[in-house]
Amino acid sequence: KTRLQYRIQAVLFVILFFLAIGLLAWLSTQYSVRSDWNAGKRNSLTDDTIKLLATLDAPIHIRSYQGEDSNIHQGISDVLTRYQQHKKDLDFRIVNPDIEPDLAKADGISEYGQTIIKYRDQQHVIDNLDEQSISNALLRLSRTSSPLLTFVSGHGERDINDSGNTGYAALQKKLTET
């Protein structure tokens, strides 16, 4: 080959190389791909949570009441964005209860860090914003019937209405709150 052919080949290679880099840069702005390679899969949802999200047929609305700490806001956004990747009609909003106290009061929020999850006509307040708490709240909200719990009495068992140390009145109260 002649020297001219090598130069043309080198110029074409450089042009094609920069075109490929430009195409990859453009694709990276158009599409988002996440991959969780760590051993504990800390940055992705569990299979059970993904299955739960697939069964939910109505939009989910989440409001988290936080102060003005941008690190907390970023962490919340990271967690809830994982849910949005699997449930497109999930929307969330981070609210400062000092700026919007009426909204916090209407949602029954009593302290910073609480989050309200609304699904269909029901809502649930959680204190911790992690996958287990969110998924458990969504599971509770998705149930159409209340679970049935029965107590046996009359044969020396503890009394459900007894508020003493041996009674179950405190348990009964907790179970009927939700």
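The values are calculated or read from the model by the stated rules, or taken from the named source; none is laboratory data. Note that this is a predicted model, so its numbers are computed, not measured. Methodologically, a virtual Cβ is constructed for each residue, glycine included, from the backbone with ideal geometry; neighbour enumeration extends over all protein chains shown. SASA here: full protein model, heavy atoms, side chains in, ligands and nucleic acids out. Shrake-Rupley method; radii C 1.70, N 1.55, O 1.52, S 1.80 Å.
I'm trying to understand the selection: among the residues of region 91-116, which are part of a helix (DSSP H, G or I), exposed (fewer than 15 other Cβ atoms within 10 Å of the Cβ) and of a type outside the set (Asp, Glu)?
Result: PRO101, LYS105, ALA106.
Can you tell me which of ILE134, ILE160 is out of contact with any His (no Cβ under 7 Å at 6 or more places or on another chain), part of a loop (DSSP other than H, G, I, E, B), of a type in the set (A, V, I, L, M) and open to solvent by less than 100 Å² (accessible area, probe 1.4 Å)? Explain how you work it out, then say what you get.
Numbers: ILE134 fails: part of a loop (DSSP other than H, G, I, E, B).
Only one candidate qualifies: ILE160.
Here is a check on your reading of the model: is ARG140 within 28 Å of ILE50 (Cα to Cα), open to solvent by 100 Å² or more (accessible area, probe 1.4 Å), in contact (Cβ under 8 Å) with a residue 40 or more places away in the chain and out of contact with any Asp or Glu (no Cβ under 7 Å at 6 or more places or on another chain)?
Values: within 28 Å of ILE50 (Cα to Cα): yes; open to solvent by 100 Å² or more (accessible area, probe 1.4 Å): yes; in contact (Cβ under 8 Å) with a residue 40 or more places away in the chain: no; out of contact with any Asp or Glu (no Cβ under 7 Å at 6 or more places or on another chain): yes.
The answer is no for ARG140.
On the basis of being hydrophobic (A, V, I, L, M, F, W, C) and within 23 Å of the chain's Cα centre (by Cα), does ALA137 make the cut?
On the way: hydrophobic (A, V, I, L, M, F, W, C): yes; within 23 Å of the chain's Cα centre (by Cα): yes.
So ALA137 fits the description; yes.
Report, by residue number, each residue of region 48-74 that is out of contact with any Lys or Arg (no Cβ under 6 Å at 6 or more places or on another chain), part of a helix (DSSP H, G or I) and open to solvent by less than 30 Å² (accessible area, probe 1.4 Å). Outline the logic, then answer.
Residues of region 48-74 out of contact with any Lys or Arg (no Cβ under 6 Å at 6 or more places or on another chain): 48-52, 54-57, 59-60, 62, 64-74.
In the following step, the residues that additionally are part of a helix (DSSP H, G or I) were identified as 48-52, 54-55, 70-74.
Within region 48-74, THR49, LEU52 meet the criteria.
What number of residues in region 143-157 are exposed (fewer than 10 other Cβ atoms within 10 Å of the Cβ), hydroxyl-bearing (Ser, Thr, Tyr) and more than 24 Å from the chain's Cα centre (by Cα)?
Total satisfying the criteria: 1.
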